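Structure, as structure tokens:
The values are calculated or read from the model by the stated rules, or taken from the named source; none is laboratory data. This structure is a prediction, so every number in the text was calculated from the model and none was measured. Neighbour counts are summed over all protein chains in view; Cβ atoms, including those assigned to glycine, are modelled from backbone coordinates with ideal geometry.
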Amino acid sequence: MEKLTDQISRVLMAGFEAAGMDSELGRVTVSNRPDLCQYQCNGAMAAAKRYHKAPFVLAQQVVDAVGQNPMFSKLEVVRPGFINLDLAPDFLAGQLNELESDPMRGVERAEQPLTIVVDYGGPNVAKPLHVGHLRSAIIGESIKRTCRFLGHKVIGDIHLGDWGLQMGQIITELHERQPELPYFDPDFQGEYPAEPPFAISDLEEIYPAASARCKVDEDYRRAAQNATWELQSGRRGYRALWRHIVNVSVADLKANYRRLDVDFDLWYGESDAQPYIPAMVEMMQEKGYAYRSEGALVVDVQEEDDTREVPPCLILKSDGAAQYETTDLATIVQREADFHPDRMIYLADKRQELHYVRVFRCAYKTGLVDRDKCSLEYVGFGTMNGKDGKPFKTREGGVLRLETLIGSVEDAVYQKVMDNGGSTPEEGREIARTVAVAAIKYGDLSNQPYKDYVFDIDRFTAFEGNTGPYIVYTMVRIKSILNKYAAAYPDAAAGAILPPASRSETDLALTLCRFNEAVYEAYEQKAPNRLCRYLYDLTGSLNQFYAEHNILREPDAARQAGYIALIRLVLHVLETGAGLLGFTAPERM
Ligand code: ARG
């Protein structure tokens, strides 16, 4: 469906044109004085300067030119020359009934579907999944779903960190502990065991131990670096061991992401990009982009109007080792080869911004991607802080495991559900699982991605206020009214939504009509917080309407059926919106 503002603007624009003025002046906006009107057009004010006439006169000419239009119940000029307008209740009802029959709830699919890769999640193998990776998963998932909803072909890639020093550290530590394993025997020729020699719980203990020892033990650190290098150069036993580490870790990651309702189309890692490095480096050298600087191979990416220094992109270190940049560049080559994407969107902590600036510039400059055919985009997000304003930690000061965090949110929700009464402990747990996801995701997404925010379990799990549980609670409430209605009037025919007859009903109708605008904004600005804001407004309008209309006691059957149809549409819009944010509502709460 065409955006409501555009529908209205079209009429006013034709009016300006008919009155002999530039049609662009006819753009309308949502009124900033909702007590006076629903929409407003200020074009005559600008027209007055351009056409040297009084704005009031010009506005009146436009209104006369528009004449009688069934779309409006009010179209009037107010001094000094604003045009105020209200939509006719019949027109609004028409819009709402159209929304109800449209599974996209007014959102139009892109005319030209794009291929979009969303690179998000980015956890590191063998390191526990911690809250630092939470934001990437949550924001990325919402951006992915929104792009997909608009009809684009979207590929979500987790881009595992599976190729760094941590792998060599773990190998070194395992070697210390179990030197007898065949993986360490350079002469071993047979098949390596299919079963991994460790469980995820072992890895979780091994990695921190190894990493800590690297900091104090010079020889150990060199051994770990060497093991990393040997792994990367293809030492057979280390490759086999590495496979085990990746598999065990990925199984654990999958379980965690599933709990958050986050899923990836591709589980590629940094390692998958390595085969693309040699040819890429050769090309960069041959074409003269890459040159040696103090032994390292670099590509300059400083641009003329930079106000800060942008250091060259480091392609290979002097020892020939590939870097974080190298891997990201090679991944671009891989994605180009596999998908020819129109866009690649990266989610990462905002402290990584300079990394992406350099990688993107280098990719464009060296022709890995054609600037006109593919845009490389970075969404940098802020830190999730604890109530003390410092990055979220456990009480003991260590990094908090994601599992633990989800668990505490579930517990908090469970407590509230049980306090409300009416649920068995099993039901309570089930509900808590669903609502916890809403609490965590909404708590995050309702903030602008770039901003830091404070993760406050009490606030995020509150059933009142601007929270995920409040949104889903409203959905549950609507479901309960619909169920009660169906039980009380089993034979009632499905009604159409009627023209709104009260202030709160009109307000609800107007808000419903703006769903598509909120989705487009969230998409265009890669800002799920826009959609959160919209859902919060919609729940507010619904609750206001509900407080003023006793739906189940409404004596007029047609009116009652109309109310039911109206709140069902609200539920559908809330469900669609929540789906784009990545959460759902339970049946009861
Ligand atoms: N693994 C990285 C980290 O933990 C994030 C990866 C982000 N994606 C990328 N293509 N660089 O910091």
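Determine, yes or no, whether E353 is within 16 Å of the ligand (Cβ to nearest atom), touching a residue at least 12 places away in the same chain (Cβ under 8 Å) and surrounded by fewer than 19 Cβ atoms within 10 Å (Cβ to Cβ). Yes, satisfied.
What about Y364, is it assigned to a helix (DSSP H, G or I), within 10 Å of the ligand (Cβ to nearest atom) and of a type in the set (F, W, Y)? Criteria not met by Y364.
Restricting D252, D261 to residues that are of a type outside the set (F, W, Y), on the phi > 0 side of the Ramachandran plot and touching a helix residue (DSSP H, G or I) at 6+ places or on another chain (Cβ under 6 Å) narrows the list to D261.
Here D86 meets the list (1) in contact (Cβ under 8 Å) with a residue 60 or more places away in the chain; (2) in contact with a strand residue (DSSP E or B) (Cβ under 6 Å, 6 or more places away or on another chain) almost entirely, failing just condition (1). For region 143-189, the tally of residues that are within 17 Å of the chain's Cα centre (by Cα) and aliphatic (A, V, I, L, M) stands at 5.
When N529 is tested against (1) more than 20 Å from K484 (Cα to Cα); (2) free of Cβ contacts under 8 Å to residues at least 40 places away in the same chain, just one condition goes unmet, and that condition is (2). Give region 190-214 a look and list any residue that's under 33 Å from the mean Cα position of the chain (by Cα), closer than 13 Å to L165 by Cα and touching a residue at least 40 places away in the same chain (Cβ under 8 Å), or say none. Those that are under 33 Å from the mean Cα position of the chain (by Cα), closer than 13 Å to L165 by Cα and touching a residue at least 40 places away in the same chain (Cβ under 8 Å): Y207, S211. Applying the set (1) of a type outside the set (G, A, S); (2) free of Cβ contacts under 8 Å to residues at least 12 places away in the same chain; (3) touching an Asp or Glu at 6+ places or on another chain (Cβ under 6 Å) to W163 leaves exactly one unmet item: (2).
Could you figure out which of (1) in contact with a Gly (Cβ under 6 Å, 6 or more places away or on another chain); (2) not in a helix (DSSP H, G or I); (3) not aliphatic (A, V, I, L, M) isn't true of Y414? Tallying (1) in contact with a Gly (Cβ under 6 Å, 6 or more places away or on another chain); (2) not in a helix (DSSP H, G or I); (3) not aliphatic (A, V, I, L, M), Y414 fails exactly one: (2).
Out of the residues in region 515-526 that are free of Cβ contacts under 8 Å to residues at least 60 places away in the same chain and in a helix (DSSP H, G or I), state the one that is farthest from E2 (Cα to Cα). Top of the filtered list is E524. In region 226-264, the residue that is nearest to T404 (Cα to Cα) out of those that are polar (S, T, N, Q) and surrounded by fewer than 17 Cβ atoms within 10 Å (Cβ to Cβ) is N247. In a residue-by-residue description of region 535-556, the property of being under 26 Å from A110 (Cβ atoms), in contact (Cβ under 8 Å) with a residue 40 or more places away in the chain and under 27 Å from the mean Cα position of the chain (by Cα) applies to at least one position.
Here region 140-165 is the region considered, the condition is being aliphatic (A, V, I, L, M) and within 17 Å of L376 (Cα to Cα), and the residue that is nearest to the ligand (Cβ to nearest atom) is I158. With respect to the conditions (1) touching a His at 6+ places or on another chain (Cβ under 9 Å); (2) of a type in the set (D, E, K, R); (3) over 23 Å from W163 (Cα atoms), E325 lacks only one, and its number is (3).
Being within 14 Å of the ligand (Cβ to nearest atom), over 13 Å from the mean Cα position of the chain (by Cα), in contact (Cβ under 8 Å) with a residue 12 or more places away in the chain and within 17 Å of T404 (Cβ to Cβ) is a property that L129 has. Being crowded, with 19+ Cβ neighbours inside 10 Å, at pLDDT below 95 and within 14 Å of the ligand (Cβ to nearest atom) holds for only one residue in A348, A330, A322, and it is A322.
Listed by position, the helices (runs of 4 or more DSSP H) enclosed by region 235-316 that each have at least 1 residues that are in contact with a Leu (Cβ under 6 Å, 6 or more places away or on another chain) and at pLDDT 95 or above are 236-259.
Does any residue of region 383-391 turn out to be farther than 28 Å from W229 by Cβ, of a type in the set (S, T, N, Q) and without any contact (Cβ under 8 Å) to a residue 40 or more places away in the chain? No, region 383-391 has no match at all. Residues that are more than 30 Å from A518 (Cβ to Cβ) and either hydrophobic (A, V, I, L, M, F, W, C) or in contact with a helix residue (DSSP H, G or I) (Cβ under 9 Å, 6 or more places away or on another chain) (or both) do occur in region 130-152. Can you confirm whether E427 is among the charged types (D, E, K, R), surrounded by 16 or more Cβ atoms within 10 Å (Cβ to Cβ) and either outside any loop (DSSP other than H, G, I, E, B) or away from the ligand (no atom under 12 Å from the Cβ) (or both)? No: the conditions fail for E427. Taking region 303-319 as the search range and keeping residues that are more than 16 Å from the ligand (Cβ to nearest atom) and β-branched (V, I, T), which one is surrounded by the fewest Cβ atoms within 10 Å (Cβ to Cβ)? The selected residue is T307.
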